[in-house]
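Below you'll find the structure, written out as structure tokens, and then a few comments.
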Amino acid sequence: MRKEEPKINCPIFQKQEPIIKELANNINNAKGVEEKARVSEELKKEIGVLLSCSDYDEKRVDCSSCRFIANLRKRTVDLIIKAKKLV
């Protein structure tokens, strides 16, 4: 069964999404915590683009969905980065 892609109508999201997905795949394929954390730092910067969007409007569903997804991803990369400190 094919995963359904998020349908967020936003040029910033559409531009960032392929970059974010590629970095997420790189994290999944990375060997060791050090490499995963390094790529996570890059991913965190790309997620920051979405979280600091100047066009954000809390009343728009697309904006709310984008912000929700970006926050989940940020929490995930923060955990990976913290794991590096524990090693």
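Values as computed for the structure displayed
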quantity	calculated
Yes/no for ARG38 being of a type outside the set (A, V, I, L, M, F, W, C), part of a helix (DSSP H, G or I), over 16 Å from GLU17 (Cα atoms) and out of contact with any strand residue (DSSP E or B) (no Cβ under 7 Å at 6 or more places or on another chain)	yes
Every residue from the range 39-66 that is under 14 Å from the mean Cα position of the chain (by Cα) and free of Cβ contacts under 8 Å to residues at least 40 places away in the same chain	VAL39, GLU42, LEU43, LYS44, LYS45, GLU46, ILE47, GLY48, VAL49, LEU50, LEU51, SER52
Subset of the range 25-78 (residues that are of a type in the set (Val, Ile, Thr) and surrounded by 13 or more Cβ atoms within 10 Å (Cβ to Cβ))	ILE27, VAL33, VAL39, ILE47, VAL49, ILE69, THR76, VAL77
Given (1) part of a loop (DSSP other than H, G, I, E, B); (2) of a type in the set (Val, Ile, Thr); (3) without any contact (Cβ under 8 Å) to a residue 40 or more places away in the chain, index of the condition ILE8 fails	(3)
Selection count, the range 53-76, where residues are polar (S, T, N, Q), within 12 Å of PHE13 (Cα to Cα) and not in a helix (DSSP H, G or I)	0
Matching option when the condition is in a helix (DSSP H, G or I), closer than 13 Å to GLN16 by Cβ and touching a Phe, Trp or Tyr at 6+ places or on another chain (Cβ under 8 Å), among LEU43, LEU50	LEU50
Criterion violated by LYS84 - all others in (1) over 15 Å from the mean Cα position of the chain (by Cα); (2) in a helix (DSSP H, G or I); (3) surrounded by fewer than 13 Cβ atoms within 10 Å (Cβ to Cβ) satisfied	(3)
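Any read-out appearing in this document is the output of simple, stated calculations on the displayed coordinates, not a laboratory observation. Because the structure is a prediction, the values reported are computed rather than measured. Note that we place each Cβ from the backbone using ideal geometry, even for glycine, and neighbour counts take in every protein chain shown.
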